[in-house]
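Notes follow the structure.
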Amino acid sequence: MGLHSYFGGATIQTLKMAAVPASASYSRFVFSPISRNLVALDSFPRHSPSPPFPLLARALSMAAAVQTTPPSSEMVGSVGKPQWKAAIDFKWIRDNREAVAENIRKRKSKASLELVLELYEKMLAVQKEVERLRGERNAVANMMKGKLEPSERQKFIEKGKNLKEALASFEEDLVKLSDELQQEAQSIPNMTHPDVPIGGEDSSAVRKKVGSPREFSFSVKDHLQLGKELDLFDFDAAAEVSGSKFYYLKNEAVLLEMALVNWTLSQVMQKGFTPLITPEIVRSSIVEKCGFQPRGDNTQVYSIEGSDQCLIGTAEIPVGGVHMDSILAETVLPLKYAAFSHCFRTEAGAAGLATRGLYRVHQFSKVEMFVLCRPDESDTYHEELITIEEDLFSSLGLHYKTLDMASEDLGAPAYRKFDVEAWMPGLGRYGEISSASNCTDYQSRRLGIRYRPAELAASTNPKKGGKGNLAPTKFVHTLNATACAVPRMMICLLENNQQEDGSVIIPEPLRPFMGGMEVLLAKHHTG
Amino acid sequence: MGLHSYFGGATIQTLKMAAVPASASYSRFVFSPISRNLVALDSFPRHSPSPPFPLLARAVSMAAAVQTTPPSSEDIGTATGKPQWKAAIDFKWIRDNREAVAENIRKRNSKASLELVLELYEKMLAVQKEVERLRGERNAVANMMKGKLEPSERLKFIEKGKNLKEALASFEEDLVKLSDELQQEAQSIPNMTHPDVPIGGEDSSAVRKKVGSPREFSFSVKDHLQLGKELDLFDFDAAAEVSGSKFYYLKNEAVLLEMALVNWTLSQVMQKGFTPLITPEIVRSSIVEKCGFQPRGDNTQAYSIEGSDQCLIGTAEIPVGGVHMDSILAETVLPLKYAAFSHCFRTEAGAAGLATRGLYRVHQFSKVEMFVLCRPDESDTYHEELITIEEDLFSSLGLHYKTLDMASEDLGAPAYRKFDVEAWMPGLGRYGEISSASNCTDYQSRRLGIRYRPAELAASTNPKKGGKGNLAPTKFVHTLNATACAVPRMMICLLENNQQEDGSVIIPEPLRPFMGGMEVILPKHHTG
């Protein structure tokens, strides 16, 4: 069959395995392909001598008795049993331990490679033992099919019983070890592109700088002041109705949002992106599989009460989920999506950060680009994404710089990340307006998104007949990039395009999407 | 001051009172204006003879001892459903119009208990009166003790004062509890009903208007799901995995169609003087309640946010209703007309068995909602204006629809009258609701605390109070809400009605400029 091998060297025949929700019975199911293989093997003659199993079984039973208290799998769940399994390549990690350790250091990650490797070796050992015991059990069962002396038969019955017990406790260990391993290994960050600068935020390298800060002949206002005079926002009412960091957009701000979204979509559609509007409520497991933490005190994620669902913080999550647990034909790659959604973030832990006005808010509109492609093309598409972003921002006349983010500033899923920071004269600083990340196979290994190469690799063994024509599947690479995060774009447009009379010029490209409107004029209220 | 009187006849001086969140100390605060009035009154000489208070005090103490076990106000709050905020319900009006209110409750098949409300109200008034009297006594005693007294006389007064204080405390506690109970019961009384509303269940709803007729097809029609599949417009399957059933992705031209519908609708209603808004979609649960929805309970339509008092909006009516919460508007700014774009989220609990195919009933959708705040005498007129705007919008898109004056039993508690528009959906083979326009009169404004101050003085106003006499008493505004465009149901109509034999779908003229001139959605041929 030649399927891609990723789980401790065992071939995986069940595509959905990596993503089936855990249940009491699921954990055992994980290993059933192995068990099927073993049964098949056991029908062949065995040559290895059997070890003194009654002794071993006793020793194991004791060990198991110690380890399985408390034995309830639900209690295991409460100590953080993973609800789904990432298709992490443990063998690769073991074979590249130096590089992985170096990468964990570079990224200042808290992941423990030692623990992962220790658990992996333990698991392999237990797995081997389980296989051996299954073989023994089958051998005993076969023996008993023939005619036997009653005393002989009694011996075999006893032997079979002991084997069964030993096997059960080993299998239980295996499930637990596999869960622990999964949990520890999930915190290992993606590898890092060789060109990524090593260090903290200050080490990030400027890739590109466009324009220069506009010189004002009058004293500049920030977007809040402009918004007040132009009657564009209502933060006060939103604070009463919803809480702080919520807002209403009003009057031309509504038109500006619509125009930004429309224009951005029309631009990226011309580049071959398929437009989407996504669900904004998703299962928590999808959030996890994209590499975000939906639970915990400092989570950015709003959870829905009484369900396993939460609100999305970015359309990256539902778009990542579109092709979950599937094998794509190579010919459909790359898949390029441009998804419009509202995004919701708790901004827990954001106290002290720049939070003025629209800069850091709980809800905003965003167009997000998302690409699924072949592994060898992800660097190229990463360049394409950042170029699209830069072109969009240049068209709107912004002054910005593009940064190649330093290793310690990368989230766990990112192999490399480019941020765009634009000049916000009212706030008097550069502010992040977008981000483009290459996540390589970090998300696809969690989401179970593979493709089947169209051509056979030269080394493929043709002996297996018809099925030999299918190349082994591979994980796609995923990339995501902000096309337009509306509130920060509004900050840039209002603060950069303000005029001395308090009006704000609308950039040329947006005007057709605002019924030809060229300028936002200050209002005079009677209220 | 001449402020509008609504709470058991007592003048209310604190505007925010009706909407301040409840806390352990709040319930007592509710009555502090009364207590201040009484103190003021007590400084005048009293003529009424005092009743034999030690006896009463004892009787009261016993009653209180029975009633206040368990005594914790937090227990009361959680166990008996103490309201978190107070609606400015006009109990006096309810009592004075009990026949009409009872008749209305019957008409609307409401479960509200008028008897209980009136009983609680009378009880509360009695206790309130007793509290006032006892406060007077207490003050009289306190005044007595300011003078010179024999020690034995003084001791008597001390004893008397102590008894009074105890009696007062237990009455005040009763008052708080009665007021909470009254509030809770009274909140379930529905709004009154417009005299023209047909009485009865859904079948009694009257057709107000009918536009167009079902299109005749010379080929077998597809429903929007089939069309969406062939045109690659939706993905319900992926959404079921990622989010759950009744979620969906819009894709390709469906995205453009949504954007066009929203843009076109906003541009149309802005021309009619509506102010566009984009609203928060997470709001405090209390705002949901004040708009007349139930954010809690097994069958709630509202998604709640874990670990907070917030929930997701089911309609922009909620955040727009909240914009002017707890404020007094100048009459000159009325009417306020808003057109709010938002995403809406609904659990659709209890929707099993209802028409749920495809986009008809979904957990999340985009909507433009109109909302009007106006003077009470104008709400009928604006209701007509709103339904006319809706009808014009749907006519422009070429839909065949009918407008219904919804029957009394089909009105939600906040609505005084409701017009629904039902459009023909040939693929589904039936009419489906695509919009709704409700006049909520002062039901929501009494909960949200939205008043206005009439610009002109009423002729009867007494000018004796000097400067302040120039201010007319505030009144509650009327609120109205109406769907301008609920995107998924519009999509059903447009796709199913405008389908062609070759599987393509014609885009209505008005939307084309908002889709870059696109005139038709063509079937795709996929390689995937």
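Listed conditions (1) away from chain A (no Cβ under 14 Å); (2) touching a Ser or Thr at 6+ places or on another chain (Cβ under 9 Å); (3) assigned to a helix (DSSP H, G or I) are all met by B:Asn191, apart from (3).
Any residue in region A:124-140 that is under 30 Å from A:Tyr415 (Cβ atoms) and surrounded by 16 or more Cβ atoms within 10 Å (Cβ to Cβ)? Yes, that holds for at least one residue.
Residues considered: A:Asp376, A:Asp391. Of these, the only one that is surrounded by fewer than 22 Cβ atoms within 10 Å (Cβ to Cβ) and either farther than 30 Å from A:Lys221 by Cα or not acidic (Asp, Glu) (or both) is A:Asp376. Under the condition of being within 17 Å of A:His362 (Cβ to Cβ) and surrounded by 19 or more Cβ atoms within 10 Å (Cβ to Cβ), the residues counted in region A:243-252 number 5. There is no residue in region B:227-242 that is more than 30 Å from A:Ala315 (Cα to Cα), surrounded by 19 or more Cβ atoms within 10 Å (Cβ to Cβ) and at pLDDT 95 or above. For region A:194-247, a residue qualifies if it is out of contact with any Gly (no Cβ under 7 Å at 6 or more places or on another chain), assigned to a loop (DSSP other than H, G, I, E, B) and either among the acidic types (Asp, Glu) or within 14 Å of another protein chain (Cβ to nearest Cβ) (or both), and the qualifying residues are A:Asp195, A:Glu215, A:Leu230, A:Asp231, A:Leu232, A:Ser242, A:Gly243, A:Ser244, A:Lys245, A:Phe246, A:Tyr247. Does at least one position in region B:150-158 carry a residue that is within 30 Å of B:Gln444 (Cα to Cα) and either within 20 Å of the chain's Cα centre (by Cα) or in a helix (DSSP H, G or I) (or both)? No, that holds for no residue.
Only one entry in A:Arg429, A:Arg445 is among the charged types (D, E, K, R) and surrounded by fewer than 20 Cβ atoms within 10 Å (Cβ to Cβ), namely A:Arg429. Note on region A:352-369: among residues that are outside any loop (DSSP other than H, G, I, E, B) and within 12 Å of chain B (Cβ to nearest Cβ), the one that is surrounded by the most Cβ atoms within 10 Å (Cβ to Cβ) is A:Val367. Can you spot a residue in region B:254-264 that is at the interface with chain A (Cβ under 7 Å from one of its Cβ atoms) and not in a helix (DSSP H, G or I)? No, region B:254-264 has no match at all. In region B:279-294, of all residues being among the hydroxyl-bearing types (Ser, Thr, Tyr) and more than 7 Å from chain A (Cβ to nearest Cβ), the one that is least open to solvent (accessible area, probe 1.4 Å) corresponds to B:Ser285.
Among the residues of region B:85-130, just one is among the hydroxyl-bearing types (Ser, Thr, Tyr) and part of a helix (DSSP H, G or I), namely B:Tyr121. Number of residues in region B:318-351 that are open to solvent by 20 Å² or more (accessible area, probe 1.4 Å), part of a helix (DSSP H, G or I) and more than 8 Å from chain A (Cβ to nearest Cβ): the value is 1. Every residue in region A:295-317 that is closer than 16 Å to B:Ile282 by Cβ, assigned to a loop (DSSP other than H, G, I, E, B) and either hydrophobic (A, V, I, L, M, F, W, C) or open to solvent by less than 10 Å² (accessible area, probe 1.4 Å) (or both), please. Of everything in region A:295-317, those that are closer than 16 Å to B:Ile282 by Cβ, assigned to a loop (DSSP other than H, G, I, E, B) and either hydrophobic (A, V, I, L, M, F, W, C) or open to solvent by less than 10 Å² (accessible area, probe 1.4 Å) (or both) turn out to be A:Val301, A:Ile312. The residue that is farthest from B:Thr265 (Cα to Cα), among those in region B:394-404 that are hydroxyl-bearing (Ser, Thr, Tyr) and open to solvent by 10 Å² or more (accessible area, probe 1.4 Å), is B:Ser395. Selection of region B:417-448 for residues being closer than 17 Å to B:Arg108 by Cβ, touching a Pro at 6+ places or on another chain (Cβ under 9 Å) and assigned to a strand (DSSP E or B) yields only B:Ser438.
Residues are listed down the side, and each one gets a yes or a no for (1) open to solvent by less than 80 Å² (accessible area, probe 1.4 Å); (2) more than 27 Å from B:Ile89 (Cα to Cα):
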| position | (1), (2) |
| --- | --- |
| B:Lys146 | no, yes |
| B:Leu155 | no, yes |
| B:Lys162 | no, yes |
| B:Leu175 | yes, no |
| B:Glu181 | no, no |
| B:Pro190 | yes, no |
| B:Lys210 | no, yes |
| B:Asp223 | yes, yes |
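Residue-level check: of (1) of a type outside the set (Ser, Thr, Tyr); (2) open to solvent by less than 60 Å² (accessible area, probe 1.4 Å); (3) within 11 Å of chain A (Cβ to nearest Cβ); (4) farther than 21 Å from B:Ser438 by Cα, B:Pro276 misses just (4).
The values are calculated or read from the model by the stated rules, or taken from the named source; none is laboratory data. Keep in mind that what you see is a predicted model, and the values were worked out from it rather than measured. Here the Cβ is made from the backbone with ideal geometry for all residues, glycine too, and neighbour counts use every protein chain on show. The accessibility values were calculated without ligands, DNA or RNA, using every heavy atom of the protein model including side chains. Shrake-Rupley method; radii C 1.70, N 1.55, O 1.52, S 1.80 Å.
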